[in-house]
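Heads up, the thing below is written out as structure tokens.
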């Protein structure tokens, strides 16, 4: 049986790793983006036919890594749509920020229950090596569906802690780019932030890792776009990889 590839030197400097979920562990960012597009395009159409929501550029700029409410507010604000805030229990619709967020959640939940959950193989390989090395790991997400995603993907046993949108609401933790979600995950792993790595694909998440004083912030650029890689660096990434599996190397690596 072949030996597992070693961890890259940058990971050897930390004692724990905190992973973002959507786009890093599970291949669900596209599903989130598609749900946002349907929710936002209804608002844009009602507002007079503005250009549709772009599932790559608009998603990465305004929504990725943020809570549903914060993502809805950020995108609507970028298009000059001044909807009332509303309330968290607003029904799905286009009349308030919370209603738009609820419509997105409704659409995402429908897809989650009817379609399989895909994972990124490179991330799974990294998780397996980290577990063999007895490095504690946590999963973090602004989404309240993260625990269900991980369970359906068969990865829930890879994590010593999960801090998702449900926990954020219960503990009243602010969303990214505030580092509170990551800090809470490190606390549950019982490892100081300075000795913990954050692995993130969102600009807001990378910024959160930097603000939280984490020992290593890894940006994941799955787009292949050098501009996005540069953005991850500007927001605080120490290292940018195309896939977390790149953090396994037989020849030195990053």
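We did not get these values from a lab; they are worked out from the coordinates using the rules stated. This is a predicted model, so every value here is computed, not measured. Cβ coordinates were reconstructed from backbone atoms using ideal geometry, including for glycine residues, and neighbour counts include every protein chain displayed.
Most mobile of 209, 80, 236 per a Gaussian network model of the chain (Cα springs, under 10 Å)? In this elastic network of the chain, the residue with the biggest mean-square fluctuation among 209, 80, 236 is 80.
Rg/Rh for the stretch 141-209 stands at 0.94; both radii use Cα atoms, and Rh follows the Kirkwood definition. With all pairs of separate Cα atoms included, the stretch 1-63 yields a Kirkwood hydrodynamic radius of 14.9 Å.
Stretching residue 115 away from residue 54 to a fully extended chain increases their span by 19.7 nm, per 0.36 nm per residue minus the current alpha-carbon distance. Computed over the stretch 30-114, the Cα gyration tensor eigenvalues convert (square root of 5λ each) into semi-axes of 17, 15, 12 Å, ordered from largest to smallest. Highest-first packing order for the peptide set 176-186, 237-247 is 176-186, 237-247, based on the mean count of other beta carbon atoms within 10 Å.
Going from the fewest other Cβ atoms within 10 Å to the most, the residues 85, 200 appear in the order 85, 200.
Between 0 and 90 degrees, the angle of helix 68-78 with respect to the longest Cα principal axis of the chain falls at about 60 degrees.
By its C-alpha gyration tensor, with a ≥ b ≥ c as the square roots of the eigenvalues, how is the stretch 103-245 shaped: rounded for a/c under 1.5, else prolate for a/b larger than b/c, else oblate? Rounded shape, in that the Cα axes give a/c under 1.5.
Extension gain, residue 160 to residue 77: 0.36 nm times the residue separation minus the Cα-Cα distance gives 26.2 nm.
Report the Stokes-Einstein translational diffusion coefficient (µm² s⁻¹, integer) for the stretch 63-176, Rh taken as the Kirkwood radius over Cα pairs, at 37 °C with viscosity 0.692 mPa s. Answer from the Stokes-Einstein relation: 208 µm²/s. Considering the chain at the alpha-carbon level, its Rg and Dmax are found to be 18.0, 62 Å.
Here r is the Cβ-Cβ distance between residue 133 and residue 41 and R0 is 30 Å; the resulting FRET efficiency, rounded to 0.05, is 0.10.
DSSP finds beta bridges in the chain, and of those with both partners inside it, around 10 percent are antiparallel. Does anyone have the angle between helix 180-189 and the longest principal axis of the chain? Alpha-carbon axes, 0 to 90°, nearest 10? The angle comes out near 30 degrees.
As a proxy for reagent exposure, ranking 120, 36 by other Cβ atoms within 10 Å from fewest up yields 120, 36. With a Förster radius of 25 Å applied to the C-beta separation of residue 190 and residue 222, the computed FRET efficiency comes to 0.20. Okay, helix-only estimate at 222 nm for the chain: each DSSP H run of n ≥ 4 adds -39500 (n - 2.57), divide by all residues, round to 500 deg cm²/dmol; what do you get? Calculated mean residue ellipticity at 222 nm is -12500 deg cm²/dmol.
Between the C-alpha center of the stretch 99-145 and that of the stretch 1-42 there is a gap of 8 Å.
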